[in-house]
Amino acid sequence: MYEKILVPLDGSELAESVLPHVETIARGCSVVEIVLLRVCEAPSILADYPEGKDKSWEKHVGRMTTNAQQQCNIYLGDVEKQLRDRGFSVRTESRLGKPADEIINYANENNVDLIIMASHGRAGVSRWAYGSVADKVLRSSCVPVLLIKVPGCVTGF
């Protein structure tokens, strides 16, 4: 039923708490591929780049973007290795942008069958103030989404 599972990770232990669930579902459903996705903020690039530098503005923006993408990828390598060592077929992807939008776009563009992600369990004012990537993905995705409540989740509205 599920051939490709997308697992968005933000670098936190809370996000990684979904991994045992991912492993169980992947084994039970004979999943072909697990995709680990990390979405990082695009770099803030100042518009007042000094003239006379040896690089053009375009090269400067390209270098800053490449550096941000590389930093985003470093974390995924460790998680990928853990899953590969347990016998799973894993691929990593990183994107720059708004997390919920990029998760949804990736799932739609790459024939993902299931998204498994953590819900940090925020409620009340903190949920309103910080927003909820998981909630946005759940409400906007055409792909089934499995939300895992992380340890320490607080109930409330």
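The values are calculated or read from the model by the stated rules, or taken from the named source; none is laboratory data. Because the structure is a prediction, the values reported are computed rather than measured. Positions of Cβ are backbone-derived with ideal geometry, glycine not excepted, and every protein chain shown enters the neighbour counts.
Out of the strands (runs of 3 or more DSSP E) lying entirely within segment 77-156, which hold 2 or more residues that are at pLDDT 90 or above and either in contact with a Gly (Cβ under 8 Å, 6 or more places away or on another chain) or not hydrophobic (A, V, I, L, M, F, W, C) (or both)? Even if it seems obvious, please write down each step before you answer.
Working: elements: 90-96, 114-119, 145-149.
The strands (runs of 3 or more DSSP E) meeting that bar are 90-96.
Tell me whether segment 55-70 contains one or more residues that are surrounded by 17 or more Cβ atoms within 10 Å (Cβ to Cβ), at pLDDT below 95 and not basic (Lys, Arg).
Kept after step one, since they are surrounded by 17 or more Cβ atoms within 10 Å (Cβ to Cβ), are these residues of segment 55-70: 68.
Remaining after also requiring at pLDDT below 95: 68.
Still in the running and not basic (Lys, Arg): 68.
Looking for residues that are surrounded by 17 or more Cβ atoms within 10 Å (Cβ to Cβ), at pLDDT below 95 and not basic (Lys, Arg), one finds at least one in segment 55-70, hence yes.
Restricting the search to segment 81-124, which residues are farther than 21 Å from Val145 by Cα and touching a residue at least 24 places away in the same chain (Cβ under 8 Å)? Steps first, please.
Taking segment 81-124 and keeping what is farther than 21 Å from Val145 by Cα, we get 81-82, 84-87, 96, 124.
Result: Gln82, Arg86, Leu96, Gly124.
Being crowded, with 17+ Cβ neighbours inside 10 Å and aliphatic (A, V, I, L, M) is the filter here, so list the residues in segment 130-146 that pass it. Talk me through it step by step, then tell me what you get.
Going residue by residue through segment 130-146, those that are crowded, with 17+ Cβ neighbours inside 10 Å are 132-134, 137-138, 141, 143, 145.
If the condition is that a residue be crowded, with 17+ Cβ neighbours inside 10 Å and aliphatic (A, V, I, L, M), then Val133, Ala134, Val137, Leu138, Val143, Val145 are the ones that fit.
Tell me, which residue of segment 41-54 that is over 20 Å from the mean Cα position of the chain (by Cα) and either surrounded by 10 or more Cβ atoms within 10 Å (Cβ to Cβ) or β-branched (Val, Ile, Thr) (or both) is modelled with the highest pLDDT?
Among them, the one singled out is Ile45.
Quick check: anything in segment 23-40 at pLDDT below 90 and either more than 20 Å from Lys149 (Cβ to Cβ) or assigned to a helix (DSSP H, G or I) (or both)?
Initial filter on segment 23-40 (at pLDDT below 90): 40.
Retained after the next criterion (residues that are either more than 20 Å from Lys149 (Cβ to Cβ) or assigned to a helix (DSSP H, G or I) (or both)): 40.
Yes - at least one qualifying residue is present in segment 23-40.
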